[in-house]
1. So, in segment 61-83, how many residues would count as being touching a helix residue (DSSP H, G or I) at 6+ places or on another chain (Cβ under 7 Å) and either within 19 Å of Tyr360 (Cβ to Cβ) or small (Gly, Ala, Ser) (or both)?
2. Determine which single condition Tyr355 fails, assuming it passes every other condition in (1) more than 22 Å from Val213 (Cβ to Cβ); (2) crowded, with 20+ Cβ neighbours inside 10 Å; (3) modelled with pLDDT under 95.
3. Can you find even one residue in segment 301-319 that is closer than 25 Å to Lys372 by Cα and free of Cβ contacts under 8 Å to residues at least 12 places away in the same chain?
4. Among what's in segment 106-130 and is within 23 Å of Gly22 (Cα to Cα) and of a type outside the set (Val, Ile, Thr), pick the residue that is surrounded by the fewest Cβ atoms within 10 Å (Cβ to Cβ).
5. Name the strands (runs of 3 or more DSSP E) wholly inside segment 123-223 in which the number of residues that are within 26 Å of Ala390 (Cα to Cα) is 1 or more.
6. Please determine whether any residue of segment 285-297 is assigned to a loop (DSSP other than H, G, I, E, B) and free of Cβ contacts under 8 Å to residues at least 24 places away in the same chain.
7. If you check every pair at least six apart or on different chains, which have Cβ atoms under 9 Å apart with a residue in segment 381-407 that is within 27 Å of Lys207 (Cα to Cα) first and a residue that is assigned to a helix (DSSP H, G or I) and of a type in the set (Asp, Glu) second?
8. Would you tally the residues in segment 35-50 being part of a helix (DSSP H, G or I) and surrounded by 13 or more Cβ atoms within 10 Å (Cβ to Cβ)?
Amino acid sequence: MVNFRKIESNFEKLRAGVAFFGNQQKQMKFAFRLIHSLRKEWDYVAWISPRASLKARHYIGMIKDCAGEDLGQLLFFPQEHISACDRQYLKLCSLSDHHRLFCVIDDSISIKNAGAALTKRLQALRNKFSYRLLLSKNPLTSSIKDIYVQMSFVNPQIFNMTETQFLHNFMPLLVSEYDMAKRWSDPGLEKKAVDMVRPYVLACDFKNNLHIVRQEYWFELTPQEKKSYQEDKEHLLQGVTQNGYLSVSQNFQYYYTLCRQKVEALQKILSEISARKEKVIIYLKYSGEINFLEETGLLDAYQYVIMAGRSNKNRASLLFEVDYDIMICTYKVKIPRLNLHECANLIYFTQTFDYKDKLYILSKFYDSKRKKLRIYDFWVNTKLENLIRANLERKRKLLKNVCEIMSRDCC
């Protein structure tokens, strides 16, 4: 049972805190209950959220439902405007100088990068806010440094150390099995970090009713594909100094991702999904892969929509919900609100290093009424693909461990 009076008292004393909820509706209700309980202590609520969220009707609808009579006191600021628009940032500065602001940062994982303009600007305003509340589905997406940066906005005295000192103490340097120098934490250090921030964790609820069934598929390059890949790889390695390792490694992945075995497997899986009369979303990393799949003729037997950079996203969403059974997406595209009750399948045709992308995708299903989701993970047996898989698995275990530790004795 949540002791809200204790939470309110703790927040009023600390004047800052974080709340983690996997379910967005629960998160909204909690935030506005806290806002309402302290109504005499603030003049306006500065609600800082991703621009995509503020454009989504369901998101604004939830805010209206939860805000009630205080809706007129809400001032919305897209995170992208705070970081890139001087006029919006100065407006927030002026408001904080002349009024008591209750600052809410939704999707606070967006301020996990200490060097980002958004993080720097919000840090500069930290002490001007009467109250600071961070909301997020997850406490981290890549490392426990994500917690350090967010908590620096809540209260820099929690860790009372520089970012470099934090890395030395909580993320010691190690050499991975692929001979790469990396900083990583262990379960003991993760518990130590969570214990230090625990007083500021107002509430957390990471539970969801989604049952995920994962199926992994491993593919081999044909002799000709291996030969072509090796030639392209050697050519690219000559430009590592000029282009940088990350850019080159991304090209490596593109060269091997269109292997024949993957296409054949996709064809079989789509046939099985179609026979079950279910919907499926296929995720790709490169927009060029969409053209490739169309050229193979694989998609000729199906009606599908594309959700990529230049797509009409609202139209694509509507078509997928009503008429079509297949949606093809690129990872970085933020999908508008979807009715995912009937979508029972996800295919990761191409993999991504960015674990945040996959967490975002799954969050779309957590907020739906769907109870079971099949995930098909496609992997190509190359050194880079194995590195990506190991990286994602490490991040998954880290997040799971931190969530379990944080959930213990949480208010």
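The values are calculated or read from the model by the stated rules, or taken from the named source; none is laboratory data. Since the model is a prediction, treat every value here as computed from it, not as a measurement. Please note: Cβ atoms are built from the backbone with ideal geometry, for glycine as well, and neighbour counts cover all protein chains shown.
1. 6
2. With (1) more than 22 Å from Val213 (Cβ to Cβ); (2) crowded, with 20+ Cβ neighbours inside 10 Å; (3) modelled with pLDDT under 95 applied to Tyr355, the lone miss is (1).
3. Within segment 301-319, one or more residues are closer than 25 Å to Lys372 by Cα and free of Cβ contacts under 8 Å to residues at least 12 places away in the same chain.
4. Asn113
5. Details: elements: 131-136, 173-175, 181-183, 201-205, 211-219.
Those strands (runs of 3 or more DSSP E) span 131-136, 173-175, 181-183, 211-219.
6. In the first step, residues of segment 285-297 are kept if they are assigned to a loop (DSSP other than H, G, I, E, B); the result is 285-287, 297.
From the residues that got through so far, the ones that are free of Cβ contacts under 8 Å to residues at least 24 places away in the same chain too are 297.
Among the residues of segment 285-297, at least one is assigned to a loop (DSSP other than H, G, I, E, B) and free of Cβ contacts under 8 Å to residues at least 24 places away in the same chain, which makes the answer yes.
7. Leu398/Glu190; Asn401/Glu190; Val402/Glu190; Ile405/Glu190; Ile405/Asp195
8. Step one: of segment 35-50, the residues part of a helix (DSSP H, G or I) are 35-37, 39-41.
Of the ones still in play, those that are also surrounded by 13 or more Cβ atoms within 10 Å (Cβ to Cβ) are 35-37, 41.
Of the residues in that region, 4 qualify.
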